[in-house]
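Read through the structure below, which is laid out as structure tokens, and then see the notes.
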Amino acid sequence: MLINQAVIVCGGLGTRLGNITKKTPKPLLHINGKTILEHLIKNLSRFGFREVLLLCYYKKNLFRNKFHNKTFYGIKIKCIMDKKLLGTSASLLNAKKYLEKNFLFCNGDTFFDINIYDLINSFSKKKLLAFVALKKIENKKKRYDGYNVNKKNFLRSDKKKYINSGVIIFSKKIIKFLKKKGSLEKDVYPTIINQNKMGGKTYKNDFIDMGTPKDLKRLPNFLKKIYFKPAVFLDRDGVINKDIGYLYKIRDVIWRKNINDFIKKYNDNNYYIVIITNQSGIGRGYYKEQDVVKLHSWMKNKIRLSGGNIDKIYFAPYYKHSKFSKYRKKRNMRKPNIGMILKAKRELNINLKKSILIGDNKTDELCAIKAGIKYKILQFSSKLI
């Protein structure tokens, strides 16, 4: 299952932060040069979301002025304005005509660094109304609604071991259970839990609730930590798929066996997944850049259908004898040069010291040596490491 839409609830008053949110709503506070909301949207862009609905009430015009009908990180933003403060259930009901068949729902004041497509994949298998990412309760003094989950991944309200992280996959059918006044937690979840229509999965990943001044002080370092991840750099032809020579047609792709599980394993262990591939076929005139972009978009979606995610795919279209002048330049981007790795480092803030490059030939090995990262060779016929 692919999901293109996310809904972020931004309507709260932020009273626990006192004077900090008197003029500025919590999601619009600036941390590390960006609003909290921009950090959330940036993270969603990693997983291919195309649209975000913002459910707004408190100082809603500030959200409208900054985000409405604009694009951030390749995602189109639409603000849905509540006339009254009636709760999260009412806010979601107010947005019903804009909702897609399935969508991600998240709080504008929490951040849970998980592989979202693992959660989506779990939701698609269970065919429930809602599926939530759960985090173990570590500080019992904090004000959290607690849940448990049974062996079939159905949510339970007894033995409160886990908190609702605020990251949930919903079916649009949830509309039937929404109230015109009230919260999801108190007025909707108990009903669908009792009917075995809400599931959950536990994660050990980093989580923060930005509810208090103390939490807000932790946020800058939290964000630095979750952005500064190592990456698994993968060659494409010969590693992801069989090298047939100048591949650009979807129908010609022959996947490596178990590559989906391999990628997902590293996703779940907090690695970026980045493909770096030489594509001189473009410079030679065998095919066009848009052919490769189309192929790569399809490959990303196929991986997501299995619960994995490719963060970025970089390709070097250059060929020194190309009849097109633009493809005779920037040869530093071609492996064994490290232009693609350095570009990925800048855009994703990658921790290169802990990263690894997996390839199938000497060019890939030399690229890893130049970049100062570990290298593993993986022939198409060999087993996954």
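Does K97 satisfy the criteria of being assigned to a helix (DSSP H, G or I) and either under 16 Å from the mean Cα position of the chain (by Cα) or of a type outside the set (D, E) (or both)?
Values: assigned to a helix (DSSP H, G or I): yes; either under 16 Å from the mean Cα position of the chain (by Cα) or of a type outside the set (D, E) (or both): yes.
Considered against the rule, which asks whether it is assigned to a helix (DSSP H, G or I) and either under 16 Å from the mean Cα position of the chain (by Cα) or of a type outside the set (D, E) (or both), K97 comes out as yes.
State whether one or more residues within segment 44-58 are β-branched (V, I, T), part of a strand (DSSP E or B), touching a residue at least 60 places away in the same chain (Cβ under 8 Å) and touching a helix residue (DSSP H, G or I) at 6+ places or on another chain (Cβ under 8 Å). Step through it out loud before you land on a result.
As a first pass, look at segment 44-58 and keep what is β-branched (V, I, T): 52.
So of that shortlist, the ones also part of a strand (DSSP E or B) come out as 52.
Filter once more, keeping what is touching a residue at least 60 places away in the same chain (Cβ under 8 Å): none.
So far as segment 44-58 goes, no, none of its residues is β-branched (V, I, T), part of a strand (DSSP E or B), touching a residue at least 60 places away in the same chain (Cβ under 8 Å) and touching a helix residue (DSSP H, G or I) at 6+ places or on another chain (Cβ under 8 Å).
Within segment 264-273, can one find any residue that is modelled with pLDDT of 95 or more and either in the same structural domain as H30 (by TED's automatic domain parsing) or part of a loop (DSSP other than H, G, I, E, B) (or both)?
The answer is yes, given that some residue of segment 264-273 is modelled with pLDDT of 95 or more and either in the same structural domain as H30 (by TED's automatic domain parsing) or part of a loop (DSSP other than H, G, I, E, B) (or both).
Output the residue which, of all residues in segment 96-148 that are touching a Phe, Trp or Tyr at 6+ places or on another chain (Cβ under 8 Å), at pLDDT below 90 and surrounded by 18 or more Cβ atoms within 10 Å (Cβ to Cβ), is farthest from L40 (Cα to Cα).
Y147
Of the residues that make up segment 358-373, is at least one of a type in the set (D, E) and part of a helix (DSSP H, G or I)?
yes
Looking at segment 225-240 only, could you name the residues that are buried (at least 19 other Cβ atoms within 10 Å of the Cβ) and among the aromatic types (F, W, Y)?
F233, the sole residue that qualifies.
I'd like the full set of residues that are basic (K, R) and in a helix (DSSP H, G or I), limited to segment 301-342.
K302, R304, K326, R331
Does any residue of segment 74-83 turn out to be assigned by TED's automatic domain parsing to the domain that holds L53, at negative phi, part of a helix (DSSP H, G or I) and β-branched (V, I, T)?
No - not one qualifying residue is present in segment 74-83.
Looking only at segment 15-43, filter to residues that are closer than 13 Å to F67 by Cβ and not in a helix (DSSP H, G or I); which one of those is modelled with the lowest pLDDT?
This residue is P25.
Only residues that are buried (at least 16 other Cβ atoms within 10 Å of the Cβ) and among the aromatic types (F, W, Y): list them for segment 323-372, please.
Y327
May I ask you to list the residues in segment 268-294 that are buried (at least 16 other Cβ atoms within 10 Å of the Cβ) and free of Cβ contacts under 8 Å to residues at least 40 places away in the same chain?
Within segment 268-294, Q279, G281, R284 meet the criteria.
In segment 149-173, what count of residues is obtained for those that are out of contact with any helix residue (DSSP H, G or I) (no Cβ under 7 Å at 6 or more places or on another chain), closer than 10 Å to L128 by Cβ and surrounded by fewer than 20 Cβ atoms within 10 Å (Cβ to Cβ)?
Residues meeting the conditions: 3.
Hey, any hits in segment 217-229 for a residue that's part of a strand (DSSP E or B), touching a residue at least 12 places away in the same chain (Cβ under 8 Å) and within 20 Å of the chain's Cα centre (by Cα)?
So in segment 217-229, the residues part of a strand (DSSP E or B) come out as none.
No; the residues of segment 217-229 include none that is part of a strand (DSSP E or B), touching a residue at least 12 places away in the same chain (Cβ under 8 Å) and within 20 Å of the chain's Cα centre (by Cα).
Sort through K249, K257, K265 and tell me the only one that's under 29 Å from V292 (Cβ atoms), surrounded by fewer than 17 Cβ atoms within 10 Å (Cβ to Cβ) and touching a helix residue (DSSP H, G or I) at 6+ places or on another chain (Cβ under 9 Å).
K249 is the lone residue from the list that is under 29 Å from V292 (Cβ atoms), surrounded by fewer than 17 Cβ atoms within 10 Å (Cβ to Cβ) and touching a helix residue (DSSP H, G or I) at 6+ places or on another chain (Cβ under 9 Å).
The values are calculated or read from the model by the stated rules, or taken from the named source; none is laboratory data. This structure is a prediction, so every number in the text was calculated from the model and none was measured. In this analysis, Cβ positions are derived from the backbone assuming ideal geometry, glycine residues included, and neighbour counts consider all displayed protein chains.
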